[in-house]
Structure formats: structure tokens, C-alpha cells
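Written below as C-alpha cells is the structure these notes are about.
The values are calculated or read from the model by the stated rules, or taken from the named source; none is laboratory data. What you see is a predicted model; the values in this text were computed from it and never measured. Here the Cβ positions follow ideal geometry from the backbone for every residue, glycine too, while neighbour counts run over all protein chains shown.
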Amino acid sequence: MAGELTNNAKADEPDVAAMNEALMLGLVRQHELIEAAELLNAKLQEEIIARKRAEEALVSSEKLASVGRMAAVLAHEINNPLEAVMNVLFLAQATEGIPEVARQHLETADAELKRIAHITRQTLGFYREPSAPITFHVAILLDSVVDLLRAKHFSKRAIVDKQCEKELQMTAFQGEMRQVISNLLMNSLDAIPDTGKITLRAAISRGFRGERHCIRITVSDNGQGMSKSALGKIFQPFFTTKGSVGNGLGLWVSKQIVEKHGGSIQVRSRTSGPHQGTTFSVVLPVRLVALI
Ligand SMILES: Nc1ncnc2c1ncn2[C@@H]1O[C@H](COP(=O)(O)OP(=O)(O)OP(=O)(O)O)[C@@H](O)[C@H]1O
Ligand SMILES: [Mg+2]
């Protein structure tokens, strides 16, 4: 009986081994299948992320295109009647026999309208750029920006301190540089409380990575500062904390311009303490190395 059992068990042995082998094979296959599924899943996730990014880029470029269209329409709508009013003012000023007081009023109106025309041309990108970069005095550029925003810093009673050597020169697209500095100054004016302080400084310095022959322009304010999460987003197009009055384009545009000139832009900001406020530093090569 015992011999029979042993024999039967022996006869069964190959089946058990085969079953074990099949089981092992099944497990290996299952493992392989799981791995393949995980790989597929990871690829799918990558594909989803890539598509999402492409969609976001498309939405961004569509938004940009519509902002551009809006700007063109606005410039057209503002500039046309503005020119008509300026022509009428010119005729009125040229009229013989008008009282002196009236002439002075007309001159003031003309000067203010010219300022509006200048602002619309500049803000909406209608500023005619020279076809090549030019060499200019940085102090004059800073003066012209402060002048352009005079009404705004007067109404805030802001203290604007300019620190720049008279002789300091740089080579760049002047209109674009003006746009960068006015974007930074406007942001500071928005951020400071009444009677707040803004410092504009320009000087020869080393670059952020120790490069020689650079100009560093800083715009510092003692305003509200920015949170860490805001700091991570400020150079993205359409990021704004100013609701309907902000477009979220100023810093994005400024960064593009600075990088086009072979420079870089950095920011430091604090929301509390004795050093509360924000400093933007723009570092640019004194002369443009590459042809833009
Ligand atoms: N000096 C600053 N102090 C505090 N926050 C700032 C300062 N500069 C920029 N920011 C923050 O960065 C955001 C983005 O600035 P950006 O200039 O790109 O757009 P904006 O000023 O909101 O709109 P606009 O297109 O009219 O310039 C601002 O909404 C603000 O929250
Ligand atoms: Mg701005």
C-alpha cells in the first residue's frame, strides 16, 4: 500500500513541478504586464501634460493676439480724435487778437494733449524704434521716464530719488529701455503708500554671474512687497494682482526686452520688517555684443 502511494506520488511529481513552473511563468508574465501597463501609464501622463502645456501656450498666444488687437483699436480710437483736437487747438492759438490769458490756457491744453499722445504711442507700442541700437546717456533716459509718470508720482506725493552719474552711457534700443524702466517705475508707484519712496539707480557694475562691463539699473520701493507665491509668477504673462486695472504684461514684456539685449532681470522683495519693499535689478551689457 505504502509502495503504491509512493509510486503514485512519484507519478504525480512532474505535474506539480509543471504546475509550479506554469505558476512562476504566470507570475513573471503578470509582473511584465504590470510593468508594461505602468510604462504606458507614465507615457500617457507625459502626453497629457505635454498637451495641457501646448493648450495653455495656445490660450496664452490667443490672449496675447487679442490684447494686441485691442491695443491697436484703442490707439486708433484715441489718436484720431486727439489729432483733430490738437489741430483745432493749433488753429485757435494761431487766431489773431485772442486775449493773452486764453492763449496761455490753450498752450497748457496743447502741452497736456501732447503728453497724452506721447503716452498712448508709448504704452501701446506705437513708439517708433530706430532700426539700430543707439548710444545714449542713461541719466537722460531716467529723467524722461520720471517725467512721463510725473502726474502719477505727484498724485501719490511719492519721493523719487534718482542716482546716476551724468556721464554714464549705454548702447541699446532706447525706446525699449524706456519701456522697461517705466514698467518698473509704474509698478513701484502702484505698490507704495502715499508719500512712499522710490529709488532709481544706475551704475557700472558686474553682471549677476560676475561678467564685466555691465550696467545695473535698480528700481527699489518701500511698498507692500510680494508674497513668495506671487514672486514665482510675476514674469508670466497675464499674472496680475491688480484686478481689472492690471494686464499682467508689464514684467513679462520687460523680461523679453532685457533678454533680447543680452541682459537679465532679478527681484528681491519683503512684505514686512525694516526692509519691506521690492527691488528690481536689471543688468545689461554696456555695449550690445551680439547683433539683435
Ligand atoms: N514693485 C512691486 N511691488 C509689489 N508688487 C509688484 C511690484 N512689481 C510687480 N508686482 C506684482 O507683479 C504683478 C505683475 O506685474 P506686471 O507689471 O507684469 O503686471 P501689472 O502691473 O499687474 O499690469 P500691467 O500689465 O499694467 O503692468 C503685479 O500685479 C504685482 O502683483
Ligand atoms: Mg505693471
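Some notes on this structure:
- Members of segment 124-144 found to be surrounded by 17 or more Cβ atoms within 10 Å (Cβ to Cβ), within 21 Å of residue 186 (Cα to Cα) and modelled with pLDDT under 90, listed by number: 124
- For segment 246-258, a residue qualifies if it is within 10 Å of ligand 2 (Cβ to nearest atom) and not in a loop (DSSP other than H, G, I, E, B), and the qualifying residues are 250, 251, 252, 253, 254.
- Evaluating residue 234 against the criteria (1) among the hydrophobic types (A, V, I, L, M, F, W, C); (2) modelled with pLDDT under 90; (3) under 10 Å from the mean Cα position of the chain (by Cα) leaves one unmet condition, (2).
- Residues that are of a type in the set (Gly, Ala, Ser) and crowded, with 17+ Cβ neighbours inside 10 Å were ranked within segment 214-232; the one that is nearest to ligand 2 (Cβ to nearest atom) is 223.
- Meets criteria (surrounded by 14 or more Cβ atoms within 10 Å (Cβ to Cβ), in a loop (DSSP other than H, G, I, E, B) and either more than 14 Å from ligand 2 (Cβ to nearest atom) or assigned by TED's automatic domain parsing to the domain that holds residue 184 (or both)) for residue 235: yes
- Test: residue 160 is surrounded by 15 or more Cβ atoms within 10 Å (Cβ to Cβ), within 11 Å of ligand 1 (Cβ to nearest atom) and in a strand (DSSP E or B): no
- Selection within segment 202-213 - modelled with pLDDT of 90 or more and either surrounded by fewer than 21 Cβ atoms within 10 Å (Cβ to Cβ) or closer than 12 Å to residue 268 by Cα (or both): 203, 204, 205
- Selection from segment 226-260 of residues that are small (Gly, Ala, Ser) and either within 6 Å of ligand 1 (Cβ to nearest atom) or free of Cβ contacts under 8 Å to residues at least 12 places away in the same chain (or both): 229, 230, 232, 243, 244, 246, 248, 250
- Evaluated against (1) in a helix (DSSP H, G or I); (2) of a type in the set (Asp, Glu); (3) farther than 20 Å from residue 149 by Cβ, residue 176 falls short on exactly one condition, (3).
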